[in-house]
Amino acid sequence: MNIKILTVGKLKEKYFKDGIAEYKKRMSKFAKVELIEVPDEKAPESLSEAEMQQVKDAEGERLLGKIKDRDWVIALAIEGKQRSSEAFAKEIDQLATYGHSDIDFVIGGSLGLSKAVMKRADNTLSFGKLTMPHQLMRLVLIEQVYRAFMINIGSPYHK
C-alpha cells in the first residue's frame, strides 16, 4: 500500500517532525508513506471572501498537482465524515482489498481546502468539530493511520 499525506505549508516544529518520523518508521512494514508539502499562500489577517477563495484555489491547485488519477483521495475537513478508529481501520482494509492501494490524505491550509480539492476527494474525514493546528493534525492523522494498521493485524496497540 502507498500512502501520501499531502499538506499545505512547511512543518517547522522539531517535536512534530520527530513524532511523525516515528510513526512513519513504524508503518514502513505495512505501507510506503510519503509526506508531501506544498507552499502556502501568503495572506494578511483580514481577507475578503473572494480573497480567501483565491488563497484556497491557489493552494488547491498545488495539492491537485500531486494527486494521480488512480489515487483514492480522502480530504480532511471539519465537516467531513467522523468515524471510530475501528471503522477507519476497516475502511483502510477494504480500500486495499478492492484495489485502492494508493491512498492520499489531504490537509489544507489555515483557510481549509478549495472546492476543487473537495470535489476530487473520494471521501472525507473529520476528527471532530475542534479546530487544531494543521501541524498537529499531521501527527494525529499519521498516528490514526498507524492505529488502523495495528487494529487490522489484531495488535494490542489499540486498547
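Given (1) open to solvent by less than 60 Å² (accessible area, probe 1.4 Å); (2) without any contact (Cβ under 8 Å) to a residue 40 or more places away in the chain; (3) β-branched (Val, Ile, Thr); (4) more than 21 Å from residue 120 (Cβ to Cβ), identify the lone condition not met by residue 38. Single failed check for residue 38: (4).
Suppose the filter is under 22 Å from residue 131 (Cα atoms) and open to solvent by 50 Å² or more (accessible area, probe 1.4 Å); does residue 52 pass it? In short, yes. Can you spot a residue in region 39-47 that is within 21 Å of residue 9 (Cα to Cα), of a type outside the set (S, T, N, Q) and within 16 Å of the chain's Cα centre (by Cα)? Yes, there is a match, as at least one residue in region 39-47 is within 21 Å of residue 9 (Cα to Cα), of a type outside the set (S, T, N, Q) and within 16 Å of the chain's Cα centre (by Cα). Total residues in region 69-85 satisfying the condition of being of a type outside the set (A, V, I, L, M) and within 17 Å of residue 7 (Cβ to Cβ): the figure is 2.
Restricting region 75-102 to residues that are closer than 15 Å to residue 138 by Cα and touching a helix residue (DSSP H, G or I) at 6+ places or on another chain (Cβ under 9 Å), which is least open to solvent (accessible area, probe 1.4 Å)? Step by step, filter region 75-102, then rank; the result is 75.
Please specify each residue of region 118-145 satisfying the condition of being touching a residue at least 60 places away in the same chain (Cβ under 8 Å) and either touching a strand residue (DSSP E or B) at 6+ places or on another chain (Cβ under 9 Å) or among the small types (Gly, Ala, Ser) (or both). Those that are touching a residue at least 60 places away in the same chain (Cβ under 8 Å) and either touching a strand residue (DSSP E or B) at 6+ places or on another chain (Cβ under 9 Å) or among the small types (Gly, Ala, Ser) (or both): 134, 135, 137, 138, 141, 142, 145. Among the residues making up region 41-52, those that are free of Cβ contacts under 8 Å to residues at least 12 places away in the same chain and either part of a helix (DSSP H, G or I) or at positive phi (or both) are 49, 50, 51. Where residues in region 26-35 are basic (Lys, Arg) and under 19 Å from the mean Cα position of the chain (by Cα), which of them is least open to solvent (accessible area, probe 1.4 Å)? Filtering region 26-35 for residues that are basic (Lys, Arg) and under 19 Å from the mean Cα position of the chain (by Cα), the one least open to solvent (accessible area, probe 1.4 Å) comes out as 26. One residue stands out in region 56-74 among those that are assigned to a loop (DSSP other than H, G, I, E, B) and touching a residue at least 40 places away in the same chain (Cβ under 8 Å): the one that is surrounded by the fewest Cβ atoms within 10 Å (Cβ to Cβ), namely 66.
Here residue 47 meets the list (1) open to solvent by 50 Å² or more (accessible area, probe 1.4 Å); (2) over 19 Å from residue 146 (Cα atoms) almost entirely, failing just condition (1). Going residue by residue through region 112-132, is there one that turns out to be part of a loop (DSSP other than H, G, I, E, B) and in contact with a Ser or Thr (Cβ under 7 Å, 6 or more places away or on another chain)? No: region 112-132 contains no residue that is part of a loop (DSSP other than H, G, I, E, B) and in contact with a Ser or Thr (Cβ under 7 Å, 6 or more places away or on another chain). When region 7-17 is limited to residues that are open to solvent by 80 Å² or more (accessible area, probe 1.4 Å) and outside any loop (DSSP other than H, G, I, E, B), the one that is farthest from residue 93 (Cα to Cα) turns out to be 14.
The values are calculated or read from the model by the stated rules, or taken from the named source; none is laboratory data. Computed from a prediction, not measured in an experiment: that's the story for all the values here. Glycine gets a Cβ as well: all are built from the backbone with ideal geometry, and neighbour counts include every protein chain shown. Note: accessible area is taken over every heavy atom of the protein model, side chains too, but ligands, DNA and RNA are not part of it. Shrake-Rupley method; radii C 1.70, N 1.55, O 1.52, S 1.80 Å.
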